Amino acid sequence: SCCFDGKQLCLTRSSLGGVKLLSFKDFCEASYKDTKTNLKIFHNGSWVNGNVVKLPKKQMYKIVTANKKELYVTEDHVFPTDSGDKMVKDITTDDFLLFNARRLDSFPEADKGLTYEQGFFIGMYLGDGSFQHKEETFTPQVCLSLNQQKYEKSIDILTKAINKIDENAEIRLGKSQNNVYPVSIRSWLVYNFMREYVSGNYSYEKELNMDCLLQSYDFRRGILDGYYATDGGNSNRIYTTSEKLVPQVEALITSLGMNSVID
């Protein structure tokens, strides 16, 4: 409900611009064509109708929840709590705020029938992947650097994903060095598939295309599992050095009906 500070992130979908994860300020200043054509807003596991509302500056509150979500809202913002709706000024540390716990369904008009394995491949690239593509005349490569345990656990899933994208793709396993298995996939189709959903060549600049939220639950769950299988640790932790990827993966987790903590 209304209203938030300009730096608060919002998740929206438009018929021309696809899914966007933007601050309210950037969303309001973006062009109608890119972000607001047939506008839908993510709410409680669904895409719902919404409007942009601007109000004069008011007193603002910053709320930090126990699971470290930060919310920046106006003094008259209303929160649903476990004891009914409350204005922000009436909330205490004894209150529980409602969070989404519903799975987002795929968007039928955009659903490409992508599989869990294909999502897992994308997640693996987010964790341990890189591109090799210097000249247009050479077939590009998607490269993964996996230790023996990760390689043995994921090679069957990886092979299924690659064959689904391009059954003629070359999958090569390089010579193991220091317990690292260099795996390279040479294929234009595979390269373009990965480029569609992941941008950035280095770990600190990788980003996930939010249009992945238009695809099936299994595909999105595969992205999370593949990411955890490569850059994950114990106790359900995933690590990243990309600041932009953090809220994007948080949105992915939310779309799966799950909650997360960011440290």
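In segment 91-121, of all residues being closer than 25 Å to residue 261 by Cα and among the acidic types (Asp, Glu), the one that is farthest from the chain's Cα centre (by Cα) corresponds to 94.
Might you check whether a residue that is buried (at least 20 other Cβ atoms within 10 Å of the Cβ) and at pLDDT 95 or above occurs anywhere in segment 162-176? Checked against the condition, which is being buried (at least 20 other Cβ atoms within 10 Å of the Cβ) and at pLDDT 95 or above, segment 162-176 yields at least one hit.
Among the residues here, residue 93 qualifies as over 29 Å from residue 207 (Cβ atoms), modelled with pLDDT of 90 or more, open to solvent by 90 Å² or more (accessible area, probe 1.4 Å) and polar (S, T, N, Q). Within segment 157-181, residues that are in contact (Cβ under 8 Å) with a residue 40 or more places away in the chain sit with their Cβ atoms under 6 Å from residues that are in a helix (DSSP H, G or I) and aliphatic (A, V, I, L, M), at 6+ positions apart or across chains, in these pairs: 165/189; 165/190.
Does any residue of segment 33-45 turn out to be among the acidic types (Asp, Glu) and under 22 Å from the mean Cα position of the chain (by Cα)?
Just the residues of segment 33-45 that are among the acidic types (Asp, Glu), to begin with: 34.
Those still in the list that are under 22 Å from the mean Cα position of the chain (by Cα) too: 34.
Among the residues of segment 33-45, at least one is among the acidic types (Asp, Glu) and under 22 Å from the mean Cα position of the chain (by Cα), which makes the answer yes.
Listed by first and then second residue, the pairs linking a residue in segment 221-240 that is open to solvent by 70 Å² or more (accessible area, probe 1.4 Å) to a residue that is at pLDDT 90 or above, with Cβ atoms under 7 Å apart and 6 or more places separating them unless they lie on different chains, are 221/116; 221/119; 221/256; 228/238.
For segment 7-18, a residue qualifies if it is open to solvent by less than 30 Å² (accessible area, probe 1.4 Å) and not hydroxyl-bearing (Ser, Thr, Tyr), and the qualifying residues are 8, 10, 11, 13, 17, 18. Scanning segment 107-130 for residues that are in a loop (DSSP other than H, G, I, E, B) and open to solvent by 40 Å² or more (accessible area, probe 1.4 Å) gives 107, 108, 109, 111, 112, 113. Just wondering, is there one or more residues in segment 103-122 that are within 26 Å of residue 175 (Cα to Cα) and without any contact (Cβ under 8 Å) to a residue 60 or more places away in the chain? Scanning segment 103-122, I find no residue that is within 26 Å of residue 175 (Cα to Cα) and without any contact (Cβ under 8 Å) to a residue 60 or more places away in the chain, so the answer is no.
The values are calculated or read from the model by the stated rules, or taken from the named source; none is laboratory data. Small disclaimer: the values here were computed from a predicted structure and weren't measured. All Cβ positions, glycine included, derive from the backbone under ideal geometry; neighbour counts span all protein chains shown. Just the protein is used for accessible areas: all its heavy atoms, side chains included, with ligands, DNA and RNA removed. Shrake-Rupley method; radii C 1.70, N 1.55, O 1.52, S 1.80 Å.
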